[in-house]
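Novice: The structure is given below, and queries will be raised subsequently.
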Amino acid sequence: MPEENNTNGGTVAAAEDKKATSVENNSSLETVVVSGECSGFFRYGDVVKEFDGNHVVLVRTNGGIIVHSAQKGIKPVCYIEEGADIALARNMADAEIEISAIAEDGREILVTFSKVRSISGLTAQVGMGSVDKAILRCVQNANGMYGRHTIARILSGSASKKVLTLRLSTLALYGALADVPFKDILDTLDSLIEQGLIEVKEREEFKVLYITKAGEAALAEAQQPTDGETEVNAGLVEALKAWRRDVAKARHVPTFMVLQNRTLEDIATRKPATAEDLSKVYGIGRARLTTYGPELLDIVRQHAAGSASTATSA
């Protein structure tokens, strides 16, 4: 039975699992260039400039960031020359990439890519089991449509003729393992087959892949909160959102310019007790840690005390 021809053509977005979003700061970033469909804003004092559509973002190791519009030619939209606190988050679940930058003088840039066309310069950040999870999820989503080489091409971000013809580059997991060697993806895929987590079946003249019940169970277990994380505390999220509304009102800015929803949810999940704990939260860099850290930690402490009091009364 023939199997698909092995061709690996170019690389696009690398990503991480949404349950364990990868956040890189200036110390771990190389020069990064990302292009694609995005939305975002630049803020400096009372000046706010929003943008969306096709853009190219350049992030430099010195803390500089430049956003270029690629709608009609390449034109600069906004920038921070250097010294910004930059965080880059990659999200495997929907291929989203978010770049946030805030300078000491208050200049702030946030860019969220909903569709990445190309990317370069990201260091490999594949955590333990992330490759397995990406492969299992991709096979699950494909549901018997493709064989092992096509699955590997999707995950590696291949620009092969087959991938482009079938428009596989539009899939959510396209490029999710762009930093992993193609052969390693195939080897891991074969290992998952041997473990009984993926099943090979014959469809017409090709061998195609299906996730097994054991694979679905393993994927579900892997996506449970780990490293001491618990479910997002809805009450704490509401308390944080109330605080954010007050801050946004006082600063005369939209709430998303204070902190993103994902940041509030990460705080409610991790429940940081110290500034060091808070610094590990998505979207919290040095500037936000200094500006909002004490208040955020106080909200977490007050909520924990209130929950403990309620439990005692019960």
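Novice: Among all residue pairs at least 6 apart or on different chains, which show Cβ distances below 7 Å where the first residue, located in segment 264-291, is under 17 Å from A239 (Cβ atoms) and the second is small (G, A, S) and surrounded by fewer than 20 Cβ atoms within 10 Å (Cβ to Cβ)?
Specialist: K271/A304; L278/G293
Novice: Return a yes/no flag: does segment 201-208 have any residue that is under 21 Å from S130 (Cβ atoms) and at pLDDT 85 or above. Explain how you work it out, then say what you get.
Specialist: Taking segment 201-208 and keeping what is under 21 Å from S130 (Cβ atoms), we get none.
No: zero hits.
Novice: Kindly indicate whether I185 is in the same structural domain as N143 (by TED's automatic domain parsing), in contact with a Gly (Cβ under 9 Å, 6 or more places away or on another chain) and crowded, with 21+ Cβ neighbours inside 10 Å. Explain how you work it out, then say what you get.
Specialist: On the way: in the same structural domain as N143 (by TED's automatic domain parsing): yes; in contact with a Gly (Cβ under 9 Å, 6 or more places away or on another chain): no; crowded, with 21+ Cβ neighbours inside 10 Å: yes.
Spelling it out, it is not the case that I185 is in the same structural domain as N143 (by TED's automatic domain parsing), in contact with a Gly (Cβ under 9 Å, 6 or more places away or on another chain) and crowded, with 21+ Cβ neighbours inside 10 Å.
The values are calculated or read from the model by the stated rules, or taken from the named source; none is laboratory data. What you see is a predicted model, and the numbers here were worked out from it, not measured in a lab. A quick note on method: Cβ atoms are made from the backbone with ideal geometry, for glycine too, and the neighbour counts reach across all protein chains shown.
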